[in-house]
Amino acid sequence: MRGSPLRILVVGAGIAGLAVARALRLAGFRPDVTDKAPPGEFTDAGLYLPGNAARALRRLDLDGPVRPYGQVIHRQRFLDEAGAPLCEVDLDTLWAGVGECRALPRSDLHRVLLSGAGGAVRHGAEVRTIDLLPATVGVTFVDGTQTEYDLVIGADGPRSSIRALAALGGPPRPAGQVVYRGVVRHGPVIDEWTALLGRRSGFLVVPIGAGRLHCYADEAGTEAPADPQARLRELFGDYGGPVPEVLDALDAVHVGTTDEVELGRWYRGRVLLVGDAAHATAPTLAQGAAMALEDAVVLAEALSAASSVEAALTAYESRRRPRTRWVRDRTRDRDRTRDVPPALRDPLLRGRGDRIFGEHYRLLLGPL
């Protein structure tokens, strides 16, 4: 169906939706892209992209536009809460032949994807109802506009409204983590991805270019505190390494809880879910953006190769499920490792932590 006049609607203009729009345009399709939110500024946050994300960006012909942003990350360093070394992962070796690892402001990646998607995003366009017709999808927006599409793609995140409207699943379930994010300027000089592991909590700092650090911390729990900055100091005030300087330099903290989405199927009729709308996990492996970028590449390939939309959706889900299931299972594995008491966990990581953490990405080193 490559280059066919399919009428495609992409709902959601985040990383997943814009990546899908880019991939479809490269394949000769001309999707409409809508988002219920108005255009606005992004939360000040960083993003770490492992090597498989770089490969997907290369397939989308966006690796060049991304290259000026952020910083290439060569090594992951794991420390105990006092700042003593536990293990290191050589990322250049792990992802050799796949792609480099990069950390950058999320807003920079979004701008690259927005430019690459082509066409205008229709903001403030919330979908009210979906009608699964025999060969199309009827879509009614909250402003009363009604349109039919040959394919509707829900790329609207873990709390997807398209998922609910198409009866593909209910709300996400809590993954059991409270996460804290912020960007530090004028903090300590840190050149590599650096994580300190405590008891059921962890603190991560990653350089994202121009002297800025992306700060990410988590703890086990399901409720966000009223004062996240105070809670960060309560949790991590006794940590060593770079943590004291980072906490002193951290002006704003964004807090939230993590969601997990696990569905029996990703499409119904001609409505398909991609990205976090279909398979959200906790961010422990930093695979959310990478999986969304890979989804986009594979979906465009499936639509180009198949003789019908239905065949394309079947082929797409059969290719993507094993990888997203791997990410979900390895995410849970790593979270369980974090939750092991330090007295048992830390000697294990000092002995073979590089192999343990590297194994979490083994399947992702292979082809999409």
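Give the range of the longest stretch in the chain that excludes all trypsin sites (Lys or Arg not before Pro) found in loop regions by DSSP and having at most 14 other beta-carbon atoms within 10 Å. Don't skip to the answer; put the middle values down first.
On the way: sites that count: Arg2, Arg159, Arg185, Arg265.
That gives 3-158 as the longest site-free run.
In bins 10 Å wide, starting from 0, what share of all Cα pairs of the range 26-88 does each bin hold, as a percent?
Spelled out bin by bin, the range 26-88 gives 14, 27, 36, 15, 7, 1 percent.
Which value, in Å³ per residue, describes the convex hull spanned by the Cα atoms of the chain?
Dividing the Cα hull volume of the chain by its residues yields 126 Å³.
Less than 10 Å Cβ to Cβ from Ala117, Lys/Arg counted +1 and Asp/Glu -1: what total charge do the surrounding residues give?
Surrounding charge for Ala117 is +2.
Provide the convex hull volume over Cα atoms per residue for the range 63-124, in Å³.
Taking only Cα atoms, the range 63-124 has a hull volume of 129 Å³ per residue.
Whole-Å semi-axes of the range 260-368's equivalent ellipsoid, largest first, each the root of 5 times a Cα gyration tensor eigenvalue?
For the range 260-368, the semi-axes come out at 33, 14, 9 Å.
Sort largest first and round to whole Å: the equivalent ellipsoid semi-axes of the range 100-143, each the square root of five times a Cα gyration tensor eigenvalue.
The three semi-axes for the range 100-143 are 32, 14, 10 Å.
Choose one answer from Ala155, Ala45, Ala230: the residue with the largest mean-square fluctuation in a GNM of the chain with alpha-carbon springs under 10 Å.
In this elastic network of the chain, the residue with the biggest mean-square fluctuation among Ala155, Ala45, Ala230 is Ala230.
Taking the square root of 5 times each eigenvalue of the Cα gyration tensor, what semi-axes in Å does the equivalent ellipsoid of the range 138-188 have, largest first? Intermediate values should be presented prior to the final figure.
Numbers: eigenvalues 245, 59, 17 Å².
Semi-axes, largest first: 35, 17, 9 Å.
Per 5 Å bin, what percent of the C-alpha pairs of the range 119-225 does each bin hold, from zero upward?
In order of increasing distance, the bins hold 2, 10, 13, 13, 10, 10, 11, 11, 10, 7, 3, 0 percent.
How much mean residue ellipticity at 222 nm does the chain get from its helices, if each DSSP H run of length 4 or more adds -39500 (n - 2.57) and you divide by all residues, to the nearest 500 deg cm²/dmol? Intermediate values should be presented prior to the final figure.
Details: 12 runs with 133 residues, N = 368.
Taking each H run of at least 4 residues, the total per residue is -11000 deg cm²/dmol.
Among bridges DSSP assigns within the chain, what percent are antiparallel (round to 5)?
Numbers: 49 of 67 bridges.
About 75 percent, rounded to the nearest 5.
Take every Cα-Cα distance within the range 180-252, group them into 5 Å bins from 0 onward, and report for each bin the whole-number percent of pairs it holds.
Spelled out per bin, shortest first, that is 3, 17, 32, 26, 14, 6, 1.
Could you tell me which helices of the chain pass both thresholds, a Cα extent of 15 Å or more along their own axis and a mean Kyte-Doolittle hydropathy of at least -1.0, with helices taken as whole DSSP H runs? Intermediate values should be presented prior to the final figure.
Details: long enough: 15-26 (17 Å, 1.49); 106-117 (16 Å, -0.03); 288-305 (26 Å, 1.26); 309-339 (44 Å, -1.95); 342-359 (22 Å, -0.69).
Within the chain the helices that satisfy the rule are 15-26, 106-117, 288-305, 342-359.
Pick from Pro38, Pro322, Pro65: which is most flexible by mean-square fluctuation in a GNM of the chain where alpha carbon atoms under 10 Å apart are linked?
It is Pro38.
Read-outs: derived from the displayed coordinates by stated rules, not from any lab. From a predicted model like this one, the values you see are computed outputs, not experimental measurements. Virtual Cβ from ideal backbone geometry, glycine too; neighbours counted across all protein chains shown.
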